[in-house]
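Peer 1: This structure is in structure tokens; I'll ask about it shortly.
The values are calculated or read from the model by the stated rules, or taken from the named source; none is laboratory data. Every value quoted in this text rests on a predicted model; they were computed, and no experiment measured them. Cβ: placed from backbone, ideal geometry, glycine included. Neighbour counts: every protein chain shown. The accessibility values were calculated without ligands, DNA or RNA, using every heavy atom of the protein model including side chains. Shrake-Rupley method; radii C 1.70, N 1.55, O 1.52, S 1.80 Å.
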Amino acid sequence: MHKGIKGVVAKSVGTSNFVNAIAVKLRIPIKETKVGFKNFRPYLLQTSKERAIVAFEESDGISGYNHTLEKDAIFGLLLSLEMMAATGLNLGEYLKELMDIYGYYYPDRSGISVDKSLIGKPLIEKLASITDFYKIGSSIKMAGNERTIKDVITTDGIKLVFDDGSWLMIRPSGTEPKVRFYIEARTESEKAAVSRLPKK
């Protein structure tokens, strides 16, 4: 926005949808990839037709336009300092200003260990059965509130996006016998409720 660079926002599917809300209002295309920084490479290449202004993931890896194809924490720090210099606000104040404009989002994540026999394809197949129960248009009660599934994303695991913008994602770890859970609510008080879907 401040630099006027044209391109796309690249983010992993398990990353906060706060950036989606900002990108939609600013008419910037969003590219959601599988979890793993290597999946941003096509968007970070100088020859890319859909070149990323910034690319980042839920585990805080970040890079950007004309920068390295790998995640770089120093780049993220320098970008934060530039934000403060450009806006005259500290990061907390700037985040509050952005949330007041684009909406409030509260992400969290956790995981559980699974039997080693479920690693790979058996676990992926087991998780895929979730879509038999939770389809677009299905209603779910959470903390006394009715939520409708607006979208089901299967880019990497299963991500259920609800009509208020909150979501739940379940995916197998690619490196260990674990299932990862990612959630995002629109209020702090609803954060825990998003993770407690009724059992079928």
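Peer 1: Filter the stretch 68-85 down to the residues that are open to solvent by 60 Å² or more (accessible area, probe 1.4 Å) and of a type in the set (A, V, I, L, M), then identify the one that is nearest to V35 (Cα to Cα).
Peer 2: A73
Peer 1: With the structure loaded, tell me whether I53 is touching a Gly at 6+ places or on another chain (Cβ under 8 Å), over 21 Å from G157 (Cα atoms) and buried (at least 17 other Cβ atoms within 10 Å of the Cβ) or whether it fails that test.
Peer 2: yes
Peer 1: Right, another one. So the check is Cβ under 7 Å with 6+ separation or different chains; which pairs have a first residue in the stretch 75-92 that's among the hydroxyl-bearing types (S, T, Y) and a second one that's open to solvent by 50 Å² or more (accessible area, probe 1.4 Å) and modelled with pLDDT of 95 or more?
Peer 2: So the pair list comes out as S80/L91.
Peer 1: Kindly indicate whether any position in the stretch 88-102 is open to solvent by less than 30 Å² (accessible area, probe 1.4 Å), in contact with a strand residue (DSSP E or B) (Cβ under 8 Å, 6 or more places away or on another chain) and under 27 Å from G165 (Cβ atoms).
Peer 2: Within the stretch 88-102, not a single residue is open to solvent by less than 30 Å² (accessible area, probe 1.4 Å), in contact with a strand residue (DSSP E or B) (Cβ under 8 Å, 6 or more places away or on another chain) and under 27 Å from G165 (Cβ atoms).
Peer 1: What strands (runs of 3 or more DSSP E), lying completely within the stretch 9-65, carry at least 3 residues that are farther than 21 Å from E97 by Cβ and either out of contact with any helix residue (DSSP H, G or I) (no Cβ under 8 Å at 6 or more places or on another chain) or of a type outside the set (D, E, K, R) (or both)? Explain how you work it out, then say what you get.
Peer 2: On the way: elements: 30-33, 52-56, 62-64.
It comes to 30-33.
Peer 1: Another question, then. With the condition kept exactly as written, say whether any residue in the stretch 72-81 is among the small types (G, A, S), in contact with a strand residue (DSSP E or B) (Cβ under 9 Å, 6 or more places away or on another chain) and within 27 Å of T175 (Cα to Cα).
Peer 2: Looking through the stretch 72-81, at least one residue is among the small types (G, A, S), in contact with a strand residue (DSSP E or B) (Cβ under 9 Å, 6 or more places away or on another chain) and within 27 Å of T175 (Cα to Cα).
Peer 1: Given (1) within 15 Å of the chain's Cα centre (by Cα); (2) at pLDDT below 90, where does E176 come up short, assuming only one miss?
Peer 2: For E176, the failing item is (1).
Quick grid of which residues meet (1) among the aliphatic types (A, V, I, L, M); (2) crowded, with 16+ Cβ neighbours inside 10 Å; (3) without any contact (Cβ under 8 Å) to a residue 60 or more places away in the chain; (4) assigned to a helix (DSSP H, G or I):
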site	(1), (2), (3), (4)
I124	yes, no, yes, yes
L127	yes, yes, yes, yes
D132	no, no, yes, yes
K135	no, no, yes, no
R147	no, yes, yes, no
T155	no, yes, no, no
V161	yes, yes, no, no
G165	no, yes, no, no
M169	yes, yes, no, no
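Peer 1: Note down all Cβ pairs under 9 Å where the first residue falls in the stretch 19-39 and is over 16 Å from G4 (Cα atoms) and in contact (Cβ under 8 Å) with a residue 60 or more places away in the chain, the second is acidic (D, E) and surrounded by fewer than 19 Cβ atoms within 10 Å (Cβ to Cβ), and they're at least six residues apart or on different chains.
Peer 2: If the second residue must be acidic (D, E) and surrounded by fewer than 19 Cβ atoms within 10 Å (Cβ to Cβ), the pairs left are V35/E58.
Peer 1: Considering the stretch 75-132 alone, what residues qualify as being of a type in the set (K, R) and more than 20 Å from the chain's Cα centre (by Cα)?
Peer 2: Scanning the stretch 75-132 gives K116, K121, K126.
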